[in-house]
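Taking it in order: structure first as structure tokens, then the write-up.
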Amino acid sequence: MRRLLPALCVALAALTGCGGDDDEPNRTVRVSAGEPVRVVASEYAFDPGAIVVASGPAELRLTLDNQGDLAHNIVVLDGDTEVGGLPSFPGGGQRTTSVRVEPGSYRLVCTVADHEELGMKGTLEVKRG
């Protein structure tokens with residue numbers, strides 16, 4: 001039994017790590033106003049999943065690095081209103097834009113087909129400066 005217990009613990013640890021949202025990026029990046037941010041797109045996630053700008057209003061310089069096989073985009077939404085972003089482009093490419101953001105909370109989404117519903121979404125918070 002003593003030899004079996006370590007093997008069972010290893011197997012249990014491996015199994016518990018195989019499900020749920022472990023594959024979804026949950027990383028938060030904090031940046032100063034004006035500091036560029038690089039977001040990696042893949043099927044179907046953004047990394048980082050959350051961006052916090054230290055003070056605003058700010059000019060957010062946003063680079064989308066599409067490392068997926070499909071076309072992706074990134075759109076910054078204030079409620080349902082688009083305040084900026086990038087149009088869709090094929091996998092393997094990279095594009096940069098600047099978006100003027102006021103203090104508040106925003107959503108980051110990929111508007112290609114059902115990508116947002118599949119997990120391509122994130123948050124942007126701009127702190128009051």
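Throughout, read-outs are computed from the coordinates displayed, never taken from laboratory work. Predicted model only: the values in this text are computed from it and were never measured. Virtual Cβ from ideal backbone geometry, glycine too; neighbours counted across all protein chains shown.
Points to keep in mind about this one:
- From the C-alpha gyration tensor of the stretch 27-128, square roots of 5λ in Å: 21, 13, 12
- Furthest towards positive pole of dipole, 88, 57, 118, structure part the stretch 27-128, Cβ charges: 57
- Surrounding net charge for residue 63, when Lys and Arg each add one and Asp and Glu each subtract one, Cβ distance under 10 Å: +2
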